[in-house]
Amino acid sequence: MRRSLFAAVVMGVLVPLVALAQTPAPPAAVEPKPAVPKAYVPGLEQFMNVILIEHNKLWFAGRAGNWPLAAYELGEIKEVMSDVQDLVPVFKSLPLADMMDAVIVKEIADLEKAIEVRDAKKFAAGFDRLSAACNACHRATENGFIVIKRPTRPVFTNQDYRPHR
């Protein structure tokens, strides 16, 4: 009788519990993935960091007299500034797009002319005016703690800035 009572308990209690434990849980509610992934738009800091890299490369290209590379780097700066104008036209309630447009029209245009005529002296002066314009913008946007200057060494030591054919 003890054996049959034990068997009845096992069969009546434990077997259903074991079966329940082996039953797969119903799938959790999974939110459907959007059909189109969320687009990544860089923040202003990411754009400015790219400009800073190009600013550095521009200096060493011009200093080495590699005018095609200097023109290329200045073109890259203009391209990123255009992206900022399109994607971050207002910053801290200030018309950032218009502020950048003023830099493009004046300082960058002057640098383009210096590069075109391959004038190292005009290039250096234009580069310094571009840096000053960047710093003025930083001050206007309450970011005066960000100060741009002539670089003392290349960001990338694996790029040769000398002219090549």
Original post:
Before we move on, is GLY75 surrounded by 13 or more Cβ atoms within 10 Å (Cβ to Cβ) and either on the phi > 0 side of the Ramachandran plot or among the aliphatic types (A, V, I, L, M) (or both)?
Top reply: no
Original post:
Within segment 41-58, how many residues turn out to be touching a Pro at 6+ places or on another chain (Cβ under 8 Å) and more than 18 Å from HIS138 (Cβ to Cβ)?
Top reply: 1
**OP:** Run down ASP110, ASP101 and say which single residue is part of a helix (DSSP H, G or I), of a type in the set (Asp, Glu), out of contact with any Lys or Arg (no Cβ under 9 Å at 6 or more places or on another chain) and surrounded by 14 or more Cβ atoms within 10 Å (Cβ to Cβ).
**Re:** ASP101
**OP:** Specify the residue that is farthest from ALA140 (Cα to Cα); the eligible residues are those in segment 59-75 that are touching an Asp or Glu at 6+ places or on another chain (Cβ under 7 Å) and in contact (Cβ under 8 Å) with a residue 24 or more places away in the chain.
**Re:** ALA61
Subject >> Single match in VAL88, VAL50, VAL84 (criterion: touching a Gly at 6+ places or on another chain (Cβ under 9 Å) and surrounded by 14 or more Cβ atoms within 10 Å (Cβ to Cβ)) >> reply: VAL88
**OP:** Return the pairs, sorted by first residue and then second, in which the second residue is part of a helix (DSSP H, G or I) and among the small types (Gly, Ala, Ser), the first residue lies in segment 92-104 and is closer than 12 Å to GLU142 by Cβ, the beta carbons are less than 7 Å apart, and the residues are 6+ apart or on different chains.
**Re:** LEU94/ALA140
Original post:
In this structure, does ALA70 turn out to be of a type outside the set (D, E, K, R) and closer than 21 Å to VAL155 by Cβ?
Top reply: yes
**OP:** Using the structure shown, decide if ILE115 is surrounded by 14 or more Cβ atoms within 10 Å (Cβ to Cβ) and over 25 Å from ARG165 (Cβ atoms).
**Re:** no
Original post:
Which ones in segment 69-125 are over 23 Å from the mean Cα position of the chain (by Cα) and among the basic types (Lys, Arg)?
Top reply: LYS106, LYS113, ARG118, LYS121, LYS122
Original post:
Out of (1) within 17 Å of ASN56 (Cβ to Cβ); (2) surrounded by 16 or more Cβ atoms within 10 Å (Cβ to Cβ); (3) of a type in the set (A, V, I, L, M, F, W, C), what's the single condition that is false for VAL147?
Top reply: (2)
**OP:** Scan segment 135-152 and give yes if some residue there is under 24 Å from TYR40 (Cα atoms), part of a helix (DSSP H, G or I), under 24 Å from the mean Cα position of the chain (by Cα) and small (Gly, Ala, Ser), otherwise no.
**Re:** no
Original post:
Hey, among the residues in segment 81-102 that are β-branched (Val, Ile, Thr) and touching a Phe, Trp or Tyr at 6+ places or on another chain (Cβ under 9 Å), which one's nearest to ARG129 (Cα to Cα)?
Top reply: VAL84
**OP:** Sort out which residues of segment 108-165 are of a type in the set (Asp, Glu) and farther than 29 Å from PRO95 by Cα, and write them in order of number.
**Re:** GLU116, ASP119, ASP160
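Any read-out appearing in this document is the output of simple, stated calculations on the displayed coordinates, not a laboratory observation. In this text the structure is predicted, and so the values were computed from the model without any measurement. Ideal geometry is used to build each Cβ from the backbone, glycine not excepted, and the neighbour counts take in all protein chains shown.
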